[in-house]
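Report on one structure; see the data block that follows.
The values are calculated or read from the model by the stated rules, or taken from the named source; none is laboratory data. Only a predicted model underlies this, so the values are computations on that prediction, with no experimental measurement involved. Don't worry about glycine lacking a Cβ; one is built from the backbone with ideal geometry, like all the others, and counts go over all protein chains shown.
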Amino acid sequence: METRPLGTTGHDSTVATFGTIALNWLEQEGANQMVEHVLDHGVNHFDVAPTYGDAELKLGPKLRQYREDIFLGCKTQERDYDGAADKIDRSLDRLGIDTIDLYQIHGLEYESELDEIMGDDGALAAVRDAMDDGKIEHLGLTSHGDPDLILSAIDRIDDLETVMFPLNPVVVAKDDGEHDYEAVLERAEEEDIGTLGIKAFAKGSWPPTDELPEADRPYANWYEPVDTPETIRDRFDFAASQGLSTVVSPGDPKLVTMVMNAASRYDGMDEAAQRSLVEEARHDDSPVPEQLHH
């Protein structure tokens, strides 16, 4: 599988990153098999979070077995020092490892949160202290609903090495400031910051729960996904062609194999094909603002 430099981390990430929330829906045996399956496709970048149910615990056994082959991203939604420090130790404990390769302050939505994490007793100080202690190698940040906030974070956090944000034809088609992730991509490239794309496979938001109760959704994703090999390949090729370092696989285990197959076969996407996907998505609802809490 193709690899790309992940900013200044020194790591070359596979063009697909395994979103390990998928493991939460499997028993341990199935989780072990899925990790093996993903590694068999050549994937070397995994992403986990304490909010993904027991994904950290399910990932642990195979992560420890193949630790040298996996660059692991983890994240926290804590904004204060103590909360973030606790979450770092808890994740290390649940994963059964000594060091997390990339630790991301997760799901920032407001400038006030950026102020908070940057304060003396903010989450960033906890991450930097953990870096000094050898618990964390690299610092990242994720945001799902405001490109300007990411640009602001790049301005203000001088040791930021990666950013994670939504990118798909629906978002690109919106053509407004609220969805201008192209500006983020350009800026990240200038500053040599790694970029992780999420929601590449989002079709739109799920219908309201009174129309489609959560229990009746056919997929465990936060959003309604595209779900055929062709549409998944189109979406993967589109996202990977925008210049992202890596594209994160969706949350439902039923979709992972199709995404891995698409990633293994990725060889670019011409401008005309990209434009046609954007045009098709022109009137779709954005899966981003309504789905901030990834």
*Would you mention how many residues in region 227-256 are surrounded by fewer than 20 Cβ atoms within 10 Å (Cβ to Cβ) and without any contact (Cβ under 8 Å) to a residue 40 or more places away in the chain?*
8
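For ALA173, are the conditions met, namely being out of contact with any strand residue (DSSP E or B) (no Cβ under 6 Å at 6 or more places or on another chain) and not in a loop (DSSP other than H, G, I, E, B)?
Answer is yes for this residue.
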*Enumerate the pairs (first residue in region 5-16 and touching a residue at least 12 places away in the same chain (Cβ under 8 Å); second residue anywhere and aliphatic (A, V, I, L, M) and surrounded by fewer than 21 Cβ atoms within 10 Å (Cβ to Cβ)) with beta-carbon separation below 7 Å, excluding pairs fewer than 6 apart on the same chain, so at least 6 apart or on different chains.*
THR14/MET1; VAL15/MET1; ALA16/MET1
*Candidate set: region 144-163, residues that are at pLDDT 95 or above, part of a loop (DSSP other than H, G, I, E, B) and of a type outside the set (Val, Ile, Thr); chosen: the one surrounded by the most Cβ atoms within 10 Å (Cβ to Cβ)*: LEU160
_Just the residues that are more than 20 Å from ARG275 (Cα to Cα), under 13 Å from the mean Cα position of the chain (by Cα) and in contact (Cβ under 8 Å) with a residue 40 or more places away in the chain, please, taken from region 163-202._
MET164, GLY194, THR195, LEU196
*Qualifying positions in region 211-235 - more than 19 Å from the chain's Cα centre (by Cα), β-branched (Val, Ile, Thr) and not in a helix (DSSP H, G or I)*: THR228
*asked:* I'm checking my understanding of the structure. Among residues of region 8-60 that are assigned to a loop (DSSP other than H, G, I, E, B) and in contact with a Cys (Cβ under 9 Å, 6 or more places away or on another chain), which one is surrounded by the most Cβ atoms within 10 Å (Cβ to Cβ)?
replied: VAL48
_Selected residue (only one of THR142, THR99 is at negative phi and under 18 Å from the mean Cα position of the chain (by Cα))_ = THR142
*List every residue pair whose Cβ atoms sit under 8 Å apart, with the two residues 6 or more apart in sequence or on different chains, where the first one lies in region 26-37 and is touching a residue at least 60 places away in the same chain (Cβ under 8 Å) and of a type in the set (A, V, I, L, M) and the second, anywhere, is surrounded by 14 or more Cβ atoms within 10 Å (Cβ to Cβ) and part of a helix (DSSP H, G or I).*
LEU26/MET34; LEU26/LYS58; LEU26/PRO253; MET34/ALA22; MET34/LEU23; MET34/PRO253; MET34/VAL256
*asked:* Can you say whether SER264 is more than 22 Å from ASP47 (Cα to Cα), modelled with pLDDT of 95 or more, polar (S, T, N, Q) and assigned to a helix (DSSP H, G or I), as far as the supplied structure shows?
replied: no
